[in-house]
Amino acid sequence: MSGGAVRERHGVAGGAHRAAGRVVDILELVVRTHEGLPLRELSAQLEAPKSSLLPLLRTLTARGYLEQGALGAYRLGPKAFELGMASPAHRAWPEIARPALRELMRRTGETVFLGSLRGDGTAVVFVDKVESEQVIRYTAGVGDRRALHATSSGKVILAFLPAPERERILRALPLKRYTDRTVTSLPALRAALAEVRQTGVCVNLDELAVGAAGIAAPIFDRDGHVAGACAIGGPTDRVRPRLKPLAAEVKATARAISALLGHRIAPPPASRKDQP
């Protein structure tokens, strides 16, 4: 009888180890894609029955480590990102950027934000900020979320995402109207994003809140992927007369942060007169 009890305990332990390993397998697969993976794809890649994966997926979703999109794909959830942001590697990104953010605030006098795309692609999240010393200033907290289509940070990130990922997000995005200036149609938003890609900067005047303005530029990682946005925010009446110099400052700061992350801009091809 004791032998049978020992075998039973080993069986339970083995099953527990397999379940734990399967959870890690799921997370490692999901983290590789912004688009997420549906159950059938997870089942195929893990060579595991859907019936055995579904309880694990439901638990991970209920605990916030995964999120399920409108089309059924599983993506990393906020709890997974909280764990990631607690790691030294993720803490380093805002820390690397902070001196440049402080200098941008000093040069512009406006609040400066570092934004990144939320894991499910539905919002931009502020991961760091340097607040203006002005009495009247734009303010928001680290961790606050803002609509992608109504903010300079959100639109600049959208603009520089790979086209398939951008279109997936756009098709699922609720284009809520916040003010009379909010872009609420897909054709108009696509046109605005095309302009952002051309100019390398996004200017937002009164689109999220009347009286609030933002200017953002993209930050790229060493692989050339958009990692986030550098932005300033301030009262529209103070920002509007200085759009050109402020945009130049934001773009320069975003380029500097990108370089710190290892991004290198490829040199332009040599012209005929430059060639030997």
Can you name the residue in region 120-135 that is of a type outside the set (Asp, Glu) and open to solvent by 20 Å² or more (accessible area, probe 1.4 Å) and is also farthest from the chain's Cα centre (by Cα) among such residues? VAL135
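Which residue, of ALA231, ALA252, is open to solvent by less than 60 Å² (accessible area, probe 1.4 Å), part of a helix (DSSP H, G or I), of a type in the set (Gly, Ala, Ser) and modelled with pLDDT of 90 or more?
Numbers: ALA231 fails: part of a helix (DSSP H, G or I).
That would be ALA252, the only listed residue that is open to solvent by less than 60 Å² (accessible area, probe 1.4 Å), part of a helix (DSSP H, G or I), of a type in the set (Gly, Ala, Ser) and modelled with pLDDT of 90 or more.
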Give me the residue from region 166-207 that is of a type in the set (Val, Ile, Thr) and within 21 Å of HIS225 (Cβ to Cβ) and, out of that set, farthest from the chain's Cα centre (by Cα). THR199
What single numbered condition from (1) within 25 Å of GLY69 (Cβ to Cβ); (2) open to solvent by 30 Å² or more (accessible area, probe 1.4 Å); (3) at pLDDT 95 or above fails to hold for ASP221? (3)
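Let's see how each residue does on (1) more than 11 Å from the chain's Cα centre (by Cα); (2) surrounded by fewer than 21 Cβ atoms within 10 Å (Cβ to Cβ); (3) farther than 19 Å from GLY36 by Cα; (4) modelled with pLDDT under 80:
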| residue | (1), (2), (3), (4) |
| --- | --- |
| LEU76 | yes, no, no, yes |
| PHE113 | yes, no, yes, no |
| ARG137 | yes, yes, yes, no |
| VAL156 | no, no, yes, no |
| PRO164 | yes, yes, no, no |
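This table checks each residue for (1) at positive phi; (2) buried (at least 17 other Cβ atoms within 10 Å of the Cβ); (3) of a type in the set (A, V, I, L, M, F, W, C); (4) modelled with pLDDT of 90 or more.
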site: ARG58; (1), (2), (3), (4): no, no, no, yes
site: THR61; (1), (2), (3), (4): no, no, no, no
site: PRO88; (1), (2), (3), (4): no, no, no, no
site: ALA97; (1), (2), (3), (4): no, yes, yes, no
site: LEU104; (1), (2), (3), (4): no, yes, yes, yes
site: GLU110; (1), (2), (3), (4): no, yes, no, yes
When region 255-276 is checked residue by residue, the ones that are at pLDDT 90 or above and open to solvent by 100 Å² or more (accessible area, probe 1.4 Å) are ARG255
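The values are calculated or read from the model by the stated rules, or taken from the named source; none is laboratory data. Fair warning: this is a prediction, and the values are worked out from it, not measured in the lab. Every residue, glycine among them, receives a Cβ derived from its backbone with ideal geometry; neighbour counts consider all protein chains shown. With ligands, DNA and RNA removed, areas are computed over all heavy atoms of the protein, side chains included. Shrake-Rupley method; radii C 1.70, N 1.55, O 1.52, S 1.80 Å.
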